[in-house]
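Student: One structure is given below, represented as structure tokens, and several questions about it will come after.
The values are calculated or read from the model by the stated rules, or taken from the named source; none is laboratory data. Note that the coordinates shown come from a computational prediction; the quantities given were computed from them, not determined experimentally. Here the Cβ positions follow ideal geometry from the backbone for every residue, glycine too, while neighbour counts run over all protein chains shown. Only protein heavy atoms, including side chains, enter the accessible area calculation; ligands, DNA and RNA are left aside. Shrake-Rupley method; radii C 1.70, N 1.55, O 1.52, S 1.80 Å.
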2 protein chains.
Amino acid sequence: MSDWKQRRERLQAMLQEQGLDGFLAVQNVDCYYLCGSMQSGFLFIPAKGDGVFYVRRSVSRAIQEADSAVFPLASLKELGKQMARDFPDLSFDSDLKMATTLDVLPVALYQKLQQSMSQVEWTDGSSMMKKLRMIKSEAEIASIRKAAKAVDTSLQDVLATFRPGWTEVELLANLERELRRHGHFGMMRMRGFNQELVVGMVGSGGEIAEPSFFDGPAGGSGLHPAFPQSASTTPIRRDEPLFIDVGCTIEGYVIDQTRTAVWGRLDSAMERAYLVSEDILRALEQLLKPGTPAEAVYFEALKLAEKAGLRSHFMGYGSEQVKFVGHGIGLEVDEWPVLAKGFKQPLEAGMVIAIEPKFTFPGQGVVGIENTYLITEQGFEKLTCSREGVWHIL
Amino acid sequence: MSDWKQRRERLQAMLQEQGLDGFLAVQNVDCYYLCGSMQSGFLFIPAKGDGVFYVRRSVSRAIQEADSAVFPLASLKELGKQMARDFPDLSFDSDLKMATTLDVLPVALYQKLQQSMSQVEWTDGSSMMKKLRMIKSEAEIASIRKAAKAVDTSLQDVLATFRPGWTEVELLANLERELRRHGHFGMMRMRGFNQELVVGMVGSGGEIAEPSFFDGPAGGSGLHPAFPQSASTTPIRRDEPLFIDVGCTIEGYVIDQTRTAVWGRLDSAMERAYLVSEDILRALEQLLKPGTPAEAVYFEALKLAEKAGLRSHFMGYGSEQVKFVGHGIGLEVDEWPVLAKGFKQPLEAGMVIAIEPKFTFPGQGVVGIENTYLITEQGFEKLTCSREGVWHIL
């Protein structure tokens, strides 16, 4: 059975369990996840039986790629009528219960859907979709492995050519080009509203310690108030921590990793903080096995940061701290589980999680490490293949 | 008066005209447009008086940058209470009428807003925001001019280094790096749900003629079904049209331009279609002046494509055609006005519009041209500064 069909069947089991009649996938990534084709359209999965991908464009592309029936969609207005005709067993004229992803669906589009299917009672299927996507298949893991390799090779190759005078953005631009050559798409997809990510956060010294709207421990001054994150045009300075939180997307799948580098030598406070981040990561690895509640990993990280006397620098500084130490990753960077308070759900084999203990020192820099891990039956496997430790460049 | 304040006052005039009590900006780009800072938060503009930027993160960054009062926002739940306290003249306990942008706001976030301000009646302010952003200030135009220069220089520099054997994505990666060096952000923002754009569409021959979900005349086979648009890993072939629809983002502002290139010679059919696209653009330029209904530009383009016998290849092929010939551009690629049927609104001085007559030939390629124009009191000014005509490389 294809991965696509397995996913749809797992979704159908969830729908049946919750007494729902169907699921309407509206987001490009969700549609791809369920049928292998990313088009402008709506993928309907009934609780029982085969679904239909209603496609505006490109219909011909969908027909080539999708593991699903593909029907052209003339207009959103007609969708309800088309579905009623195509699914005669569903009672479109009475009280149908359907789920869709209200976490990403814009209100205006939702209102049009409601008009097109006036008898349907909608429920939020976001959690269902996030749970479904949380457990990765062999093929998904294989793509993430390729991404891990691409980012490692690119980072090594680019840092080997580093020259004094490079600005943060010059380093980032060279990394992006190298990643592109290895099959990277050009961006890392995020599900969160208003969140944006090209390939990550790169910066040295005080610049990267600047907080930003991005929901991560390092912000970065960025290029302009209209893009206030990641690399700036500041030259990389000697003896300052160079923070390289860069991933890439291969075959749709994202890897996320961070390495700390330096041209010259870190001062002892930065060096020590970096080593604490590695120690924390080693300790957290011991918790990576089926059964550990996701939030327990975060609590342990907080405890260790506190013990090291670095609590106020952990995952951002002071009031600008973020409240997690890791996140699921796959087709998007911000998947489930989140290693944060409130996520009591136990880890399960097949989850892929980026863990990123980091310390922020305003005016001085950000140091830390981030690896992406697969949870296995026995414990974990590290998917990130870049060497650890501080990278000395030049 | 600052640009930011002028924009807020124009918005307030619209609110008063429509009998609304205020506007809640929720999207990162809209917040930046109205106060000069892009943070995670909500910018409230009352119909009269000063607004407040309620910021989750980064508060310190917002305080540095925003042309607005900045108040920390503890939680979305508290927003209603905070606003009621900060705006005692507004009757938060009875029937307040507020606008927000329902075209981009996700349903789940909207439902939380409704809970936080249960007495507020919400109306869709998307059109208001799009109208407001349609007319550019001197500073905005200056940024677009910089972007036009960056893309021209980058394109010239990269094509001068072209070597046989380059793949589409290699050309694109080199272009991206060069654009980055000129201050480009790494992506071109789009407002449309599910739309994605790194720097545009690059491809040669049949690859770029493949349709995609992207709402534009050229699609591209892309790297994978999970990123089914723009450049592929196919080597650029001799004598095939090389389509380069690449823009960039400088200081938040996007330029969009297309040039057709060739290594060797175009065959006579492609050469002719390219020349028709230039002829159409020249004819459309004559309509670029205040007072012309936006849709009239599109109708004229259709008429000329028909007259040239190329109607079925215009703006995509056959059933995969898109139904516009141009679009407003600014902080996002897909702004108003759209040069399409139904957009009866007359052109006005200060609008910035990309116009892109193109012809798609399945299996052979896409040819065409795209310039970005400023509408002036007298007519138009071409902001794109790349030379026209087919670019011969090597």
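Student: Please go through region B:227-245 and pick out each residue that is open to solvent by less than 10 Å² (accessible area, probe 1.4 Å) and over 24 Å from A:V254 (Cβ atoms).
Tutor: If the condition is that a residue be open to solvent by less than 10 Å² (accessible area, probe 1.4 Å) and over 24 Å from A:V254 (Cβ atoms), then B:I236, B:P241, B:L242, B:F243, B:I244 are the ones that fit.
Student: Would you be able to say whether some residue in region A:381-390 is touching a Gly at 6+ places or on another chain (Cβ under 9 Å), among the β-branched types (V, I, T) and either modelled with pLDDT of 95 or more or surrounded by fewer than 18 Cβ atoms within 10 Å (Cβ to Cβ) (or both)?
Tutor: no
The rows are residues; the columns are (1) outside any helix (DSSP H, G or I); (2) polar (S, T, N, Q); (3) without any contact (Cβ under 8 Å) to a residue 12 or more places away in the chain.
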residue: A:Y274; (1), (2), (3): no, no, no
residue: A:I280; (1), (2), (3): no, no, no
residue: A:L284; (1), (2), (3): no, no, no
residue: A:L288; (1), (2), (3): yes, no, no
residue: A:G291; (1), (2), (3): yes, no, no
residue: A:A301; (1), (2), (3): no, no, no
residue: A:G309; (1), (2), (3): yes, no, yes
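Student: Which one of these does B:P106 not meet: (1) touching a Phe, Trp or Tyr at 6+ places or on another chain (Cβ under 7 Å); (2) in contact (Cβ under 8 Å) with a residue 40 or more places away in the chain; (3) closer than 26 Å to A:S126 by Cα?
Tutor: (2)
Student: Answer yes if at least one residue in region A:225-246 is touching a residue at least 60 places away in the same chain (Cβ under 8 Å), touching a Pro at 6+ places or on another chain (Cβ under 7 Å) and among the aliphatic types (A, V, I, L, M), and no otherwise.
Tutor: Looking through region A:225-246, none of the residues is touching a residue at least 60 places away in the same chain (Cβ under 8 Å), touching a Pro at 6+ places or on another chain (Cβ under 7 Å) and among the aliphatic types (A, V, I, L, M).
Student: In addition: Could you list, in sequence order, the residues of region B:348-368 that are in a loop (DSSP other than H, G, I, E, B) and surrounded by fewer than 24 Cβ atoms within 10 Å (Cβ to Cβ)? Full working, then the answer.
Tutor: Of the residues in region B:348-368, the ones in a loop (DSSP other than H, G, I, E, B) are B:348-350, B:356-357, B:362-364.
Residues satisfying the conditions are B:E348, B:A349, B:G350, B:P362, B:G363, B:Q364.
Student: Please find, among B:K136, B:K146, B:K77, B:K130, the residue that is basic (K, R) and open to solvent by less than 50 Å² (accessible area, probe 1.4 Å). It would help to see each step written out before you state the result.
Tutor: Working: B:K146 fails: open to solvent by less than 50 Å² (accessible area, probe 1.4 Å); B:K77 fails: open to solvent by less than 50 Å² (accessible area, probe 1.4 Å); B:K130 fails: open to solvent by less than 50 Å² (accessible area, probe 1.4 Å).
From the options B:K136, B:K146, B:K77, B:K130, the qualifying one is B:K136.
Student: In region B:183-200, how many are at pLDDT below 95 and more than 8 Å from chain A (Cβ to nearest Cβ)?
Tutor: Counting residues in region B:183-200 that are at pLDDT below 95 and more than 8 Å from chain A (Cβ to nearest Cβ) gives 3.
Student: Those residues that are in contact with a Phe, Trp or Tyr (Cβ under 7 Å, 6 or more places away or on another chain), among the small types (G, A, S) and either within 15 Å of B:G368 (Cβ to Cβ) or open to solvent by 20 Å² or more (accessible area, probe 1.4 Å) (or both), I need them from region B:248-293; list them, please.
Tutor: Once the filter is applied, which keeps residues that are in contact with a Phe, Trp or Tyr (Cβ under 7 Å, 6 or more places away or on another chain), among the small types (G, A, S) and either within 15 Å of B:G368 (Cβ to Cβ) or open to solvent by 20 Å² or more (accessible area, probe 1.4 Å) (or both), region B:248-293 yields B:A261, B:A273, B:S277.
Student: Has region A:166-180 got any residue that is open to solvent by less than 30 Å² (accessible area, probe 1.4 Å), at pLDDT below 95, out of contact with any Pro (no Cβ under 7 Å at 6 or more places or on another chain) and more than 30 Å from A:E138 (Cβ to Cβ)?
Tutor: The answer is no; no qualifying residue exists.
Student: Report yes if some residue within region A:326-337 is within 14 Å of another protein chain (Cβ to nearest Cβ) and part of a strand (DSSP E or B); otherwise report no.
Tutor: No.
Student: Yes or no: region B:316-325 includes at least one residue that is among the hydrophobic types (A, V, I, L, M, F, W, C), at pLDDT 95 or above, assigned to a loop (DSSP other than H, G, I, E, B) and closer than 18 Å to B:I375 by Cβ.
Tutor: There is at least one residue in region B:316-325 that is among the hydrophobic types (A, V, I, L, M, F, W, C), at pLDDT 95 or above, assigned to a loop (DSSP other than H, G, I, E, B) and closer than 18 Å to B:I375 by Cβ.
Student: Right, next: Name, by its number, the condition in (1) under 21 Å from A:E178 (Cα atoms); (2) facing chain B (nearest Cβ under 9 Å) that does not hold for A:D245.
Tutor: Answer for A:D245: the failing condition is (2).
Student: When you scan region A:75-89, how many residues do you find that are within 11 Å of A:V120 (Cβ to Cβ) and within 35 Å of the chain's Cα centre (by Cα)?
Tutor: Number of matching residues: 3.
Student: Filter region B:229-242 for residues that are within 14 Å of chain A (Cβ to nearest Cβ) and farther than 16 Å from B:M190 by Cβ and give the result.
Tutor: If we filter region B:229-242 for residues that are within 14 Å of chain A (Cβ to nearest Cβ), which is where we start, we get B:229-235.
The answer is B:A231, B:S232, B:T233, B:T234, B:P235.
Student: Any idea how many residues of region A:208-241 are closer than 18 Å to B:R180 by Cβ and within 24 Å of the chain's Cα centre (by Cα)?
Tutor: Residues flagged as closer than 18 Å to B:R180 by Cβ and within 24 Å of the chain's Cα centre (by Cα) within region A:208-241 amount to 12.
Student: Taking the conditions exactly as written (more than 9 Å from chain A (Cβ to nearest Cβ) and either out of contact with any Asp or Glu (no Cβ under 9 Å at 6 or more places or on another chain) or surrounded by 20 or more Cβ atoms within 10 Å (Cβ to Cβ) (or both)), does B:L159 satisfy them or not?
Tutor: In short, yes.
Student: Given the conditions (1) open to solvent by less than 10 Å² (accessible area, probe 1.4 Å); (2) over 30 Å from A:A108 (Cβ atoms); (3) in contact (Cβ under 8 Å) with a residue 60 or more places away in the chain, which single one is not true for B:G216?
Tutor: (2)
Student: Limited to region B:105-114, what total is found for residues that are open to solvent by 20 Å² or more (accessible area, probe 1.4 Å) and among the aliphatic types (A, V, I, L, M)?
Tutor: Residues flagged as open to solvent by 20 Å² or more (accessible area, probe 1.4 Å) and among the aliphatic types (A, V, I, L, M) within region B:105-114 amount to 2.
Student: Being closer than 27 Å to B:P346 by Cβ, aliphatic (A, V, I, L, M) and within 12 Å of another protein chain (Cβ to nearest Cβ) narrows it down to one residue among B:A173, B:A108, B:A139, B:A148; which is it?
Tutor: Unique residue meeting the criteria: B:A139.
Student: Further question: Consider region A:27-56. How many of its residues are under 22 Å from A:S91 (Cβ atoms) and within 25 Å of the chain's Cα centre (by Cα)?
Tutor: Number satisfying all stated conditions: 4.
Student: Continuing with this model, one more query. Looking at region A:51-74 only, could you name the residues that are part of a helix (DSSP H, G or I) and open to solvent by 20 Å² or more (accessible area, probe 1.4 Å)?
Tutor: Hits for region A:51-74 are A:V59, A:S60, A:I63, A:Q64, A:E65.
Student: Quick test for you: out of B:L284, B:L302, pick the one residue that is closer than 23 Å to B:R387 by Cα, in contact with a helix residue (DSSP H, G or I) (Cβ under 8 Å, 6 or more places away or on another chain) and hydrophobic (A, V, I, L, M, F, W, C). Spell out how you get there, then give the answer.
Tutor: Working: B:L302 fails: closer than 23 Å to B:R387 by Cα.
Only one candidate qualifies: B:L284.
Student: Does region A:194-204 contain any residue that is open to solvent by 30 Å² or more (accessible area, probe 1.4 Å), farther than 29 Å from A:R133 by Cβ and not basic (K, R)?
Tutor: So far as region A:194-204 goes, no, none of its residues is open to solvent by 30 Å² or more (accessible area, probe 1.4 Å), farther than 29 Å from A:R133 by Cβ and not basic (K, R).
Student: Is it the case that B:G342 is in the same structural domain as B:Y253 (by TED's automatic domain parsing), among the small types (G, A, S), surrounded by fewer than 17 Cβ atoms within 10 Å (Cβ to Cβ) and farther than 27 Å from B:A147 by Cα?
Tutor: Answer is yes for this residue.
Student: Identify, please: which residue in region B:86-114 is modelled with pLDDT under 95 and polar (S, T, N, Q) and is, among those, nearest to B:I144 (Cα to Cα)?
Tutor: My answer is B:S91.
Student: When you go through B:A13, B:A47 one by one, which is the residue that is open to solvent by 10 Å² or more (accessible area, probe 1.4 Å) and either of a type in the set (V, I, T) or without any contact (Cβ under 8 Å) to a residue 24 or more places away in the chain (or both)?
Tutor: Of B:A13, B:A47, the one residue that is open to solvent by 10 Å² or more (accessible area, probe 1.4 Å) and either of a type in the set (V, I, T) or without any contact (Cβ under 8 Å) to a residue 24 or more places away in the chain (or both) is B:A13.
Student: Only one residue in A:M117, A:M83 is more than 25 Å from A:K136 (Cα to Cα), modelled with pLDDT under 95, open to solvent by less than 40 Å² (accessible area, probe 1.4 Å) and more than 11 Å from every other protein chain (Cβ to nearest Cβ). Which one?
Tutor: A:M117
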